[in-house]
Amino acid sequence: MIKTIESRPTLLLAALLIPVPAAAQSGHQTVIAHVEANADGYGTVAQRIWDLAEVGYQETESSGLLQAQLKGAGFDVEADVAGMPTAFVASFGEGSPVIGILAEFDALPGITQGRSAERQALPAMGAGHACGHHLFGAGSVAAALAVKEWLATSGTPGTIRVYGTPAEEGGAGKVYMVRGGLFDDVDAVLHWHPSGVNSASPSASLANKSAKFRFRGLSAHAAGAPDQGRSALDGVEAMNHMVNLLREHVPQETRIHYVITSGGAAPNVVPDFAEVYYYVRNPDSENVRTIFDRVVQAAEGAAMGTGTTMDYEVIHGIYAMLPNEALQRRAHANLTSVGGFEYDDPERAFAMMIQETLANPLPLESAGEIQPYQPRPAGGSTDVADVSWVVPTVGITTATWVPGTPAHSWQAIAAGGMSIGEKGMIAAAKTLAITAMDLFTDDDLLSAARAEYEERVGPDFRYVSLVGDRPPPLDYRNPATAGR
């Protein structure tokens, strides 16, 4: 059984006993200075990706911008990896250790916002960076470039590698990279995510599997010949009703969401095609497998009962995050060393306007604070989790959004499109860079991380993707090819 594994006291104690070496602390300033000296350029790239707002597997220009930065700095870049045209792997250096940094860059469809503290939807765009992945990608590249410069000038052995990972939002790009063995020689992986707080605590996530269920029936005049029709929309609605009844009979931590992506075009035509898009989540990956199978059975029953036919396409499937406290403790120490940041007067005025629109605003001063180290409960899902099951993985968040801002909101898009987002991104880049530097120089840290990883997964674990053997769903965000 594959499940989320709770923190273990012996592992926590081991993590606490690994101090940051004095030599590493003094060398941190080299990479921090590199990030600071190039901060304006990184902000420019992030804002260009914000403008592009390209959705999953369609991030051609966004991916290209990051690849161009890395190539220009001397990285070897391999594009179009694991069957995904916008995915890439960029490497610098030779030999071990191999330290990876993840970089995302996809936007979310259906939510847009201008660079304004007041609601300003931009319907012509169609998508927006409501999860801040424009900052994620640019900040990760910033960290890698600083580490590369330090490796080159210091003569330190090892390889720094950037993974350009498309379609995190429902496309599970990293899953195909994991399944393709692209992390098999990596010693540790770092990542970060935009947020309303600065934190390096171990964070749980929910395993998640999604699919598009497609019903087909017979069209007919809805008033003149309804008896000759078989409504595909009836199939969708019957499925939704049965799944809503199912909610009472699944583990209470389960989350099931759906949207009807196609339901017909005219009320007087019995629709011969309808589609509904489902997510199934739970902290335990095996629970997700079994609950998803029950959702499929509901769809099959709905088709039988409405005289329609049904097929479905699995879109993505991801594990729950596997924590690594040895790495998280070090990242927390480094984030604390880097610190948060303060708003200038225009930023404060912007943030105060944003806070008036938030349900649960936090003090603006918290952007300058680091959250206490403590395990954080599961909320959403991420394909970073699959990476964490094949290599020791560590992540942080920084306050790129006005404190109290939820992800996937217009307020997140707004703050990410101005200097507040950029300041948080630079804090993340510094922290990732010095943590990577520690992994190149501290054998004890790497050994502790590996030992913890091996204890958590156990001797018999073998990674098996929740997406099975399907190829990447390159058209899952393309309305012209979705559906029939």
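Going by the structure shown, is ALA378 surrounded by 24 or more Cβ atoms within 10 Å (Cβ to Cβ), in the same structural domain as GLY137 (by TED's automatic domain parsing), hydrophobic (A, V, I, L, M, F, W, C) and in contact (Cβ under 8 Å) with a residue 24 or more places away in the chain? Don't jump to the end; show me each part of the working.
Working: surrounded by 24 or more Cβ atoms within 10 Å (Cβ to Cβ): no; in the same structural domain as GLY137 (by TED's automatic domain parsing): yes; hydrophobic (A, V, I, L, M, F, W, C): yes; in contact (Cβ under 8 Å) with a residue 24 or more places away in the chain: yes.
Against the criterion (surrounded by 24 or more Cβ atoms within 10 Å (Cβ to Cβ), in the same structural domain as GLY137 (by TED's automatic domain parsing), hydrophobic (A, V, I, L, M, F, W, C) and in contact (Cβ under 8 Å) with a residue 24 or more places away in the chain), ALA378 does not qualify.
Pairs needed: first member in the stretch 175-189, free of Cβ contacts under 8 Å to residues at least 60 places away in the same chain and of a type in the set (Ser, Thr, Tyr); second member anywhere, buried (at least 21 other Cβ atoms within 10 Å of the Cβ) and part of a strand (DSSP E or B); C-beta distance under 6 Å; at least 6 residues apart or different chains.
That search, which allows pairs on different chains as well, returns nothing.
Quick test for you: out of ALA143, ALA103, ALA130, pick the one residue that is in a loop (DSSP other than H, G, I, E, B), in contact with a strand residue (DSSP E or B) (Cβ under 9 Å, 6 or more places away or on another chain) and crowded, with 24+ Cβ neighbours inside 10 Å. Before you say what the answer is, go through the steps one by one.
Values: ALA143 fails: in a loop (DSSP other than H, G, I, E, B); ALA103 fails: in a loop (DSSP other than H, G, I, E, B).
Criteria check complete, one pass: ALA130.
Based on this model, can you work out whether ASP386 counts as in contact (Cβ under 8 Å) with a residue 60 or more places away in the chain and of a type in the set (D, E, K, R)?
On the way: in contact (Cβ under 8 Å) with a residue 60 or more places away in the chain: yes; of a type in the set (D, E, K, R): yes.
Answer is yes for this residue.
For the stretch 65-88, state whether one or more residues are assigned to a loop (DSSP other than H, G, I, E, B), polar (S, T, N, Q), assigned by TED's automatic domain parsing to the domain that holds MET177 and under 26 Å from THR431 (Cα atoms). Walk me through it before giving the result.
To start, the set of residues in the stretch 65-88 that are assigned to a loop (DSSP other than H, G, I, E, B) comprises 73-75, 82-83.
Subsequent filtering for residues that are polar (S, T, N, Q) retains none.
No, that holds for no residue.
How about the stretch 13-48: which of its residues are modelled with pLDDT under 90 and surrounded by fewer than 17 Cβ atoms within 10 Å (Cβ to Cβ)?
Of everything in the stretch 13-48, those that are modelled with pLDDT under 90 and surrounded by fewer than 17 Cβ atoms within 10 Å (Cβ to Cβ) turn out to be LEU13, LEU16, LEU17, PRO19, PRO21, ALA22, ALA23, GLN25, SER26.
Restricting to the stretch 297-336, name every residue that is part of a helix (DSSP H, G or I) and closer than 29 Å to ALA449 by Cα.
Of all residues in the stretch 297-336, those part of a helix (DSSP H, G or I) come to 297-306, 325-336.
If the condition is that a residue be part of a helix (DSSP H, G or I) and closer than 29 Å to ALA449 by Cα, then GLU325, ALA326, LEU327, GLN328, ARG329, ARG330, ALA331, HIS332, ALA333, ASN334, LEU335, THR336 are the ones that fit.
For the stretch 466-480, what are the residues that are surrounded by fewer than 20 Cβ atoms within 10 Å (Cβ to Cβ) and either among the β-branched types (Val, Ile, Thr) or touching a His at 6+ places or on another chain (Cβ under 8 Å) (or both)?
The initial filter retains those residues of the stretch 466-480 that are surrounded by fewer than 20 Cβ atoms within 10 Å (Cβ to Cβ), namely 468-471, 474-475, 478-480.
Within the stretch 466-480, none qualify.
What are the residues in the stretch 409-440 that are over 30 Å from GLY93 (Cα atoms) and in a helix (DSSP H, G or I), if any? Steps first, answer last, please.
We begin by selecting, within the stretch 409-440, every residue over 30 Å from GLY93 (Cα atoms); these are 409-421.
The answer is TRP410, GLN411, ALA412, ILE413, ALA414, ALA415, GLY416, SER419, ILE420, GLY421.
Evaluate the following for ARG255: is it basic (Lys, Arg), out of contact with any Ser or Thr (no Cβ under 6 Å at 6 or more places or on another chain), in contact (Cβ under 8 Å) with a residue 24 or more places away in the chain and not assigned by TED's automatic domain parsing to the domain that holds GLY380? Talk me through it step by step, then tell me what you get.
On the way: basic (Lys, Arg): yes; out of contact with any Ser or Thr (no Cβ under 6 Å at 6 or more places or on another chain): yes; in contact (Cβ under 8 Å) with a residue 24 or more places away in the chain: yes; not assigned by TED's automatic domain parsing to the domain that holds GLY380: yes.
For ARG255, the condition - basic (Lys, Arg), out of contact with any Ser or Thr (no Cβ under 6 Å at 6 or more places or on another chain), in contact (Cβ under 8 Å) with a residue 24 or more places away in the chain and not assigned by TED's automatic domain parsing to the domain that holds GLY380 - is met.
Hey, VAL276 hits all of (1) under 26 Å from the mean Cα position of the chain (by Cα); (2) surrounded by fewer than 17 Cβ atoms within 10 Å (Cβ to Cβ) but one; which does it fall short on?
Single failed check for VAL276: (2).
Pick from the stretch 353-367 the residues that are touching a residue at least 40 places away in the same chain (Cβ under 8 Å) and assigned to a helix (DSSP H, G or I): which of them is nearest to the chain's Cα centre (by Cα)?
Residue satisfying both the conditions and the ranking: ALA367.
Looking at PRO226 and the list (1) assigned by TED's automatic domain parsing to the domain that holds VAL384; (2) of a type outside the set (Asp, Glu); (3) at pLDDT 95 or above, which single condition is not satisfied?
Failed condition: (1).
Taking the options PRO472, PRO479, name whichever one is modelled with pLDDT of 95 or more and outside the structural domain of GLY27 (by TED's automatic domain parsing).
Numbers: PRO479 fails: modelled with pLDDT of 95 or more.
Only one candidate passes the filter, namely PRO472.
Kindly check whether there is at least one residue in the stretch 243-252 that is within 16 Å of GLY301 (Cβ to Cβ) and touching a residue at least 60 places away in the same chain (Cβ under 8 Å).
Looking through the stretch 243-252, none of the residues is within 16 Å of GLY301 (Cβ to Cβ) and touching a residue at least 60 places away in the same chain (Cβ under 8 Å).
With the requirement that a residue be over 20 Å from the mean Cα position of the chain (by Cα) and surrounded by fewer than 17 Cβ atoms within 10 Å (Cβ to Cβ), what does the stretch 49-72 give you?
ALA68, LYS71, GLY72
The values are calculated or read from the model by the stated rules, or taken from the named source; none is laboratory data. Owing to the predicted nature of the structure, the values given are computational and were not obtained by experimental measurement. Reconstructed Cβ throughout: ideal geometry from the backbone, glycine too, with neighbour counts over all protein chains shown.
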